[in-house]
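Right, one structure below, let's go through it.
The values are calculated or read from the model by the stated rules, or taken from the named source; none is laboratory data. In this text the structure is predicted, and so the values were computed from the model without any measurement. Positions of Cβ are generated from backbone atoms using ideal geometry, with glycine treated the same way; all protein chains shown enter the neighbour counts.
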Amino acid sequence: MKIVIAPDSFKGSLTAQEVGAAIKKGVQKAAPTAEVVVMPMADGGEGTLQCLIDATGGQLLETTVKNPLGKDITAAFGILGDGNTCVIEMAAASGLYLIEQAERNPLRTTTYGFGQLIKAGLDRGCRHFILGLGGSATNDGGAGMLQALGFALLDEADCSIGYGGGELGRIVRIRSEHADPRLADSTFVIACDVENPFVGPNGASFVFGPQKGADAKTVQLLDDHLRHFADITQTTTGVAIHDVPGTGAAGGVSGALLAFLGGTLKSGIDIVMETTGLPEVMQGADLVITGEGQVDFQTAQGKTPCGVARLARQSGIPTIVIAGSIGEGIEALYEQGVTAVTSIANRPMRLDEAMTNAAALLEQAAEQIMRIYCMARR
């Protein structure tokens with residue numbers, strides 16, 4: 001009997017690798033002779049970097065970059081085991097968590113540090129990039145990233161514009177002759193699970209701007225500036241990003257990646273499953289166990305358990321999801337290939353208690369799942 005364990009992290013409690021190890025212990029208690037394979041997963045957001053490094057035997061590196069407000073910080077990035085693939089979580093340099101609530105101002109925050117992380121990967125010899133865009137503090141359409149990579153964003157006086165979404169309206173032309181020449185030999189895969197376009201009522205500014213500190217008036221201004229930036233981008237590159245689904249991710253940075261760097265938008269969980277070789281690992285499996293901290297209606301929208309279950313269903317393999325907590329709307333998961341969803345909570349308990357004891361609770365839940373599964377197989 002072969003069991004594949006492919007969970008996401010339980011955020012704030014356990015990494016995906018730790019979750020997998022706990023589930024494996026429980027499985028082996030109930031089925032000591034089973035072949036058990038642990039494959040830590042992520043969906044392109046927080047934890048993707050560590051997941052891919054662990055799975056490929058890569059290395060975690062650090063460099064100095066600018067945070068969203070231009071302050072020097074130390075940020076991590078990774079190089080996978082192939083030595084050519086650089087993995088970057090945008091939030092490491094341009095994340096909302098890097099600045100205080102009172103400092104949130106998308107008119108000022110910049111993606112410059114994100115561009116510096118890409119440059120650090122180029123300096124290490126990487127020419128293939130996997131970019132996770134979740135959790136950004138920015139709404140500058142990727143302008144800061146382009147500036148860090150050598151693109152000139154110029155105003156009517158041929159002077160460089162400043163940083164932040166508030167400066168985009170000043171752009172008259174974008175010049176690329178001094179852009180890093182290594183970009184032409186590089187490929188960029190963008191982990192993107194949102195469908196929001198670059199501009200408009202469902203675009204970057206209106207949907208994500210408020211959580212980054214923008215009031216209603218600022219949201220409209222940011223959208224106007226992004227539309228102007230998209231117009232200049234189309235004139236410069238010939239690529240119209242205004243209404244392309246997914247280009248509104250991370251304050252529009254995915255739009256700049258698509259237009260200027262030839263980026264490819266792809267589901268985060270699909271990237272991780274492909275990079276880690278999960279489809280090959282699943283061959284011959286009898287059962288798949290996955291999970292994440294909170295499972296609810298959002299899980300069916302490209303989260304790890306959903307992606308893993310869809311893959312398993314292609315081979316007719318049942319999938320059980322173990323959750324830290326279960327919310328509303330999990331019925332949608334059954335249509336994606338999930339067989340059952342269960343919680344680690346074995347009695348009424350507070351959230352902090354469940355998080356503190358997550359490893360032990362996961363082990364117990366996995367053991368009970370396997371005992372039921374083994375009995376059903378007899």
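Before moving on, here are some points about what is shown:
- Number of residues in the range 288-303 that are of a type in the set (D, E) and surrounded by 24 or more Cβ atoms within 10 Å (Cβ to Cβ) equals 1.
- Evaluation of G255 against (1) part of a helix (DSSP H, G or I); (2) more than 23 Å from the chain's Cα centre (by Cα) (one fails), failing number: (2)
- Filtered residues of the range 208-218 (kept if surrounded by fewer than 20 Cβ atoms within 10 Å (Cβ to Cβ) and either at pLDDT 95 or above or among the small types (G, A, S) (or both)): P210, D215, A216, K217
Residue by residue, here is whether (1) within 30 Å of E274 (Cα to Cα); (2) in a loop (DSSP other than H, G, I, E, B); (3) within 24 Å of the chain's Cα centre (by Cα) holds:
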{"residue": "G141", "(1), (2), (3)": "yes, yes, yes"}
{"residue": "Q147", "(1), (2), (3)": "no, no, yes"}
{"residue": "G150", "(1), (2), (3)": "no, yes, no"}
{"residue": "D158", "(1), (2), (3)": "no, yes, no"}
{"residue": "G166", "(1), (2), (3)": "no, no, no"}
{"residue": "H178", "(1), (2), (3)": "no, yes, no"}
{"residue": "V194", "(1), (2), (3)": "yes, yes, yes"}
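- Condition check for K24: over 17 Å from K303 (Cα atoms), modelled with pLDDT of 95 or more, crowded, with 17+ Cβ neighbours inside 10 Å and of a type outside the set (A, V, I, L, M): yes
- Checking L49 against (1) in contact with a Leu (Cβ under 9 Å, 6 or more places away or on another chain); (2) outside any loop (DSSP other than H, G, I, E, B); (3) modelled with pLDDT of 95 or more; (4) not acidic (D, E), the condition it does not meet: (3)
- Residue in the range 17-34 that is of a type outside the set (K, R), within 14 Å of the chain's Cα centre (by Cα) and in a loop (DSSP other than H, G, I, E, B) present: no
- Failed item in (1) within 22 Å of A365 (Cα to Cα); (2) part of a helix (DSSP H, G or I); (3) not β-branched (V, I, T), with E274 passing the rest: (1)
- With respect to (1) assigned by TED's automatic domain parsing to the domain that holds T235; (2) in a loop (DSSP other than H, G, I, E, B); (3) among the β-branched types (V, I, T), the lone exception for I317 is condition (1).
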